[in-house]
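Heads up, the thing below is written out as C-alpha cells.
Since every read-out is calculated from the coordinates, none of them should be taken as a lab result. No experiment lies behind these values; they were computed from the predicted model shown. Cβ coordinates were reconstructed from backbone atoms using ideal geometry, including for glycine residues, and neighbour counts include every protein chain displayed.
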Amino acid sequence: MFRNQRTENEAELHSGAGEPRSPEAVISPRSRNCVIIASLLALFLGALDALVMSAAMPTIVADLGGLHLYSWVYSAYLLARAVSLPVFGKLADIFRSRRLYIISICIFLLGSILAGLAQNMIQLILARVLQGIGAGGNFALVYIVLADVSSPENRGKTLSMGSFIWGLASLLGPTFGGFVVTYFSWRWIFFVNVPLGVFALLGIAIYLVEVREKKKEAAIDYWGALTLSTAILGLLTVFLMAGALTIGHPLKSSGCQ
C-alpha cells in the first residue's frame, strides 16, 4: 500500500508538460514532516556518536584494554565518515536517494550493534569504521533529501534544521555519554541507536518520495572515487598521527630538552 502510494506521488510529481511541480504540491504535509523528522533523527544519531565517546572512553578502556589504541576509536569513525560522505553525495546524483538512505542507515545500525557487542578494542575500531561509513551517507543524504522535499521558498528554513541538530548533538553528546556510562553500561551508547535508527529507517522507507530525475546514463568514476578516498584518508591519517606524536612528546615538539 505504501509503495503504491509513493509510486503514484512520484508519477504525479513529474506528470504534465514543463518543469516538475513543486514537491509541496504533491507530497502531503504529513509525509513531508515524517521524512524531515526521520532525516534529522538519522543526522542526530551520527552527530551524537562523534561526541558521546569522550565520556565513555575511560570506562571502555578499563573494560576492553588497548590503551594504545585509544585515539583510533575516534579517528576510525571520523576517517570513514570523511571518506564516505563525498562518495554518497556523488551516488545520490545517479541512484535513488531513498535506496541510498536505507543502505546508509542499515550500515550505521550494523556498526552500532557490532560496536555494542565488541569484546576487544580492535573489534570496536572496526565497528566504528562501519558506523562512520553509514554516518557519512546519512550526512550527505540528509541535506539532499531536505532540499528535495521542500519548495525553494521554504528550503532555507528546512535546511537550517540540520544546523540546529548539530548544535543539539554537541550539547547533549558528552552529557548523554556520562549518564549512560554511570547508570547503565557503555554498550548502551551504541545499542540505543538501534530503536531510533529503525524509526528513522521506516520513516525514509515509507514516506520518502523521489523528486529529482536521476541521470539515466551516468558513469561512475571508480578510479576518481578511489583516488579521492585515498587522498582524504592519507591526509587525515598524517594529521592524526602527527597530533598523537606531539601529544606524546610535548617537550620535544616544543624544542625543550
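Structure values in brief
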| quantity | calculated |
| --- | --- |
| Inter-label distance, nm, simple model (7 Å from Cα along the C-beta direction), CYS106/SER28 | 2.7 nm |
| Prolate/oblate/rounded call for the range 109-183, Cα gyration tensor, a/c under 1.5 rounded | oblate |
| Residues LEU130, LEU208, LEU114, LEU226 arranged by fewest to most Cβ contacts within 10 Å | LEU226, LEU114, LEU130, LEU208 |
| Virtual spin-label span in nm between LEU168 and ASN154, 7 Å along Cα→Cβ | 1.8 nm |
| Protection proxy ranking, peptides 195-204, 64-73, 135-144, average beta carbon neighbours within 10 Å, highest first | 135-144, 195-204, 64-73 |
